[in-house]
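In what follows, a single structure is set out as structure tokens and then discussed.
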Amino acid sequence: MSVFGRNRLTTVVLLIPVFSFLFLGRAKGQTQWAEALIERKIDSLLALMTLEEKLGQLNQLAARGDWVAGEKGITEEQKQMVRRGEVGSFLNATGAKTLKEIQRIAVEESRLKIPLIFAYDVIHGFRTIFPIPLGEAATWNPELIEKASRVAAIEASAAGLHWTFAPMVDIARDPRWGRIAEGAGEDPYLGSTMSAARVRGFQGEGLGKVGTLLACAKHFAAYGGAEAGRDYNTVDISERTLRTIYLPPFKAAVDAGVGSFMSAFNEIAGMPSTASAFLFTKVLRDEWKFTGIVVSDWTAVMELTRHGVAATQGEAGVLALRAGVDIDMESKIYVTDLPHLVRQGKLSIDVVDRAVRRVLRMKYRLGLFDDPYRFNDPDREKAVTLTADHRALARTVGAQSLVLLKNENRILPLSKNLKTIAVLGPLATSKRDPIGSWGAVGRAEEVVTVLEGVRNKVASGTKILHAAGCSIDSLDRRGFEEARRLAEQSDVVLIVIGESHRMSGEASSRTHIGLPGVQEEFVREIAKTGKPMVVVLMNGRPLTMPWVYENVPAILVTWFAGTEAGNAIADVLFGDVTPGGKLPVTFPRSLGQVPIYYNHKNTGRPASDQDFFTSKYLDSPVTPQFPFGYGLSYTKFVYSDLKVGTEKIRSTDSLRVSVRVKNDGDGKGDEVVQLYIQDLVASVTRPVKELRRFRRITLNPGEIKTVEFTLGYDDLAFYNQEMKFVVEPGTFKVFVGGNSVDVLEKTFEVVER
Ligand code: BGC
């Protein structure tokens, strides 16, 4: 190269940072300029709006129109409200055509032509249904869950929707609570990872982009802490527990850019969430710098009167709006009661304007002012809905979500060439149950049942016999006999049992979390045949069924695995996929142990067989049936060589931790490598273990991988007595293993700076 050439190259190389600086500077400048322009437009709109029109933007209604051709529209009365500017958003209306028409009324027939936002509960899929969120969490595979949420957003946005009321990121430590099915389980770190993955998946490259949905972190906050596991019930927890256990997944959603939040139905220590300025102003806006919108839960503003913190609906509205709840879902209080309270000077117009500005800003961010129909496309709706790719992804997620609890004598995987298989149990042919709670527009007829999945899998010569044997929850035993007869004729028996999809989800708490009806009796009856037996469990929560856990040789937890449930389950049963899911929640031995969670405190008297006066039960071990993080594989993983980068670190340093994992069996498989820490002595008590990292890896037979993790300040920090987030010097333990109990451990020291 000539000197000249080299010089030119050098010049170019030197100029790159300058140009990129200028470019980036310009890009940033442009964004700021665009944002300022939006604020100016909002100023002008606000100046034009009547008080009623302003409050209309804060009013969200549920579509009440009849379903026509599979789409749900709005009523005549609701259309009139849209024309008068009294509605800012709808939930539950569906279908590209219908939504287009409703939007047309807003942007052509209302005075200010402000577009509407359309919301829907797209919780675990829209038409292609993925496993329930608890099942998705059992994959411990955030990249995969991000993809699943992306697919949900692509389908739902093509159908004209803009906003999903997901992810639900409530931590749940009580399996009686039916909504445990909707979240990621008991752990704040796993919950945070899933929360962020879902937000990224729904919101994609950015809210204005086609194929994206505005995500909503709900229910803020601590809804899962309901006393006695009864839905909507009182929550009374310390601020430390709130910040340590319940808030992290919400913060993770904010960090991932979530655009909206939903208030919760419950109170926390005397303050209903929907009236909590602590939550919505102090924590969310001031501490976390959240700039999006906040919606109440369904009629939660009105419910403030029932909580007894507001004497009238008007007072309830004032409390909620002042606390920072921008949008009133379904109470209609903001539009009916607030106008005169503002006129009487009981509520400042600034509070109203602040909320309206946020809503309008969101409409700009969603691109609705540029093109109110932009996400809505009936052709695209057809083209991108329930595609083969989407189904394939649902099958992968389904298979990865399954957790193998037991596999004695290596009954599983089954051969595809068995002569006869009996597929028994009330859920074997269920098409609706695998959709689980919040099925969006998923259709039962599109679901692959377990029976169908097994049929699809086995050789043509394999005979498959089926009988339900019993129903999910009746006491009718008349089907036992036939089922028993079929079992006797078979080489292996699959029994598909568990809960119906209605037994978990909202308002679906249970005081008995065993198998409903006579299902356990049915399993015992079939067990008498002595045939090799596999229980395939469908469940929206941990179930207590000690006899089954004790006596049935193989048990597979399948949650509600979605549209491709049957195929995904058959993939695992017949060994095309080796199970690698792990429990995102502890399975108790009995309800009496509840709440039971792995990250508990030590107490002053940790359970000991040597000492009577310790924290335990007279009639049960303290340990769970299956611990958090637990799940078997068809192969075997061996952990060794746990190493910490250095034994002494300063709190600001990061720490490398590595471990060798070997696939010591004869098949390829996935393992979720889990890392926990314990702060041994601190100024406030700390849990015995806290999950801090995990990675799902795939290993071929004989393959060894060294898995490395890096821990930093935030991983070691906790809220001290002054509620400051600090790391204190002292000894820590780090544990690594394939579940929260079977772990290797090392210690390290945090020293003063
Ligand atoms: C639920 C929310 C849901 C809302 C709208 C409420 O009953 O608690 O999770 O988003 O309804 O359907």
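Note on PHE626: accessible area is roughly 20 Å² with a 1.4 Å probe, heavy atoms of protein only. Here LYS346 is the anchor, and the lysines within straight C-alpha reach of less than 27 Å, apart from those fewer than 8 places off in the same chain, are LYS54, LYS282, LYS332.
Could you compute the net charge surrounding TRP547? Neighbours are other residues with a C-beta less than 11 Å from the C-beta of TRP547; K and R count +1, D and E count -1.
Spelling it out: positives minus negatives among the neighbours equals -2.
What helices does the chain hold that run 27 Å or longer along their axis, going by alpha-carbon atoms, with a Kyte-Doolittle average of 0.5 or more, using DSSP H for the helix calls? Display every interim value, and only then the final one.
Details: long enough: 3-48 (66 Å, 0.62).
Helix filter hits for the chain: 3-48.
Taking other residues whose beta carbon is less than 10 angstrom from the beta carbon of THR244, and scoring Lys, Arg as +1 and Asp, Glu as -1, yields +1.
Pairs LYS416/LYS531; LYS251/LYS636; LYS100/LYS289: which are spaced more than 27 Å apart, C-alpha to C-alpha? Walk me through the numbers before you get to the answer.
Values: LYS416/LYS531 17 Å; LYS251/LYS636 36 Å; LYS100/LYS289 34 Å.
In this structure, LYS251/LYS636; LYS100/LYS289 lie more than 27 Å apart at Cα.
Gain on full extension, evaluated as 0.36 nm per residue between VAL684 and LYS419 minus their Cα-Cα distance, stands at 89.2 nm.
Considering only VAL638, VAL684, VAL741, and ranking their Cα positions along the charge dipole of segment 637-751 that arises from unit charges at the beta-carbon of Lys, Arg, Asp and Glu, the one farthest toward the positive end is VAL638.
If you roll a 1.4 Å probe over the chain with all protein chains in place, what percent of the accessible area is carbon or sulfur?
Working: 15230 of 29680 Å².
Carbon and sulfur atoms account for 51 percent of the accessible area of the chain.
In debye, nearest 20: dipole of segment 575-687 around its Cα centre with unit charges on the Cβ of K, R (+) and D, E (-)? Numbers along the way, then the final one.
Working: 14 positive and 12 negative charges, 68 e Å.
Value, rounded to 20: 320 debye.
Given a Förster distance of 45 angstrom, what is the FRET efficiency for ARG477 paired with GLU35, based on the Cβ-Cβ distance and rounded to 0.05? After rounding, the FRET efficiency stands at 0.10.
Say R0 is 60 Å: what FRET efficiency, to the nearest 0.05, do ALA62 and THR646 get from their beta-carbon distance? After rounding, the FRET efficiency stands at 0.55.
The phi-based Karplus calculation (6.51 cos²θ - 1.76 cosθ + 1.60; θ = phi - 60°) puts the 3J(HN,Hα) values of segment 683-697 at 6, 10, 5, 10, x, 5, 7, 9, 5, 10, 8, 7, 8, 8, 10 Hz, whole numbers, x for Gly and Pro. Beyond 30 Å in Cα-Cα separation lie the following of the pairs LYS406/LYS689; LYS97/LYS431; LYS705/LYS746; LYS363/LYS582: LYS363/LYS582. Could you run the Karplus curve 6.51 cos²θ - 1.76 cosθ + 1.60 with θ = phi - 60° over segment 208-221 and give me ³J(HN,Hα) per residue in whole Hz, x for Gly and Pro? Ordered by residue, 3J(HN,Hα) equals x, 7, 4, x, 10, 10, 5, 8, 9, 7, 9, 10, 7, 8 Hz. Toward the positive end of the charge dipole of the chain, with +1 on the Cβ of Lys and Arg and -1 on the Cβ of Asp and Glu, the farthest Cα among GLN400, ALA138, ILE38 is that of ILE38. Charges were assigned to the Cβ only: +1 to each Lys and Arg, -1 to each Asp and Glu. The resulting dipole of the chain about its Cα centre is roughly 1420 debye. Treating each Cα of the chain as an identical point scatterer and summing with the Debye formula, the log10 of I(q)/I(0) at q = 0.05, 0.08 Å⁻¹ comes to -0.27, -0.70. Solvent-accessible surface of the chain, averaged per residue with a 1.4 angstrom probe and all protein chains in place: 39 square angstrom.
Just to verify a number: FRET efficiency for ARG111 and THR281, C-beta to C-beta distance, R0 = 30 Å, to 0.05? Walk me through the intermediate numbers first.
Numbers: r = 32 Å, r/R0 = 1.06.
About 0.40, to the nearest 0.05.
Less than 5 angstrom separates the built amide H of PHE626 from those of PHE587, all sequence-distant by 5 or more or on a different chain.
Roughly how many debye, to the nearest 20, is the charge dipole of segment 637-751 about its Cα centre, given +1 on each Lys and Arg Cβ, -1 on each Asp and Glu Cβ, and no other charges?
Values: 17 positive and 18 negative charges, 27 e Å.
That gives segment 637-751 a dipole magnitude of about 120 debye.
Extending 7 Å from Cα along the Cβ direction at THR429 and again at ASN92 yields two label points whose distance is 3.3 nm. By the Kirkwood approach, averaging reciprocal distances over each pair of separate Cα atoms, segment 637-751 gets a hydrodynamic radius of 14.8 Å.
The stretch between ASN409 and ARG354, if pulled fully straight at 0.36 nm per residue, gains 13.3 nm over its current Cα-Cα span.
Taking the helices alone, the chain has a mean residue ellipticity at 222 nm of -9000 deg cm²/dmol, built from -39,500 (n - 2.57) per DSSP H run of at least 4 residues and averaged over all its residues.
Between ALA554, THR544, GLY581, the Cα set farthest toward the positive side of the dipole of segment 507-584 (charges on each charged residue's Cβ, about the Cα centre) is that of THR544.
Take each of the peptides 577-589, 644-656, average the number of other beta-carbon atoms within 10 Å over its residues, and list them starting from the highest. Don't jump to the answer; show the numbers that get you there.
Values: 577-589: 26.5, 644-656: 14.1.
With the highest mean Cβ count within 10 Å placed first, the list reads 577-589, 644-656.
Are there chymotrypsin sites (Phe, Trp or Tyr not before Pro) in segment 531-631 that DSSP puts in a loop and that have at most 11 other Cβ atoms within 10 Å, and which ones?
Values: sites: TRP547, TYR549, TRP559, PHE560, PHE574, TYR597, TYR598, PHE612, PHE613, TYR617, PHE628, TYR630; in loops: TRP559, PHE560, PHE574, TYR597, TYR598, PHE612, PHE613, TYR617, PHE628, TYR630.
Loop-located and lightly packed - PHE612, PHE613.
The values are calculated or read from the model by the stated rules, or taken from the named source; none is laboratory data. Predicted model only: the values in this text are computed from it and were never measured. Using ideal geometry, Cβ is built from the backbone for each residue, glycine included, and neighbour counts are taken over all protein chains shown. We work out accessible area using only protein heavy atoms, side chains counted, and drop any ligands, DNA or RNA first. Shrake-Rupley method; radii C 1.70, N 1.55, O 1.52, S 1.80 Å.
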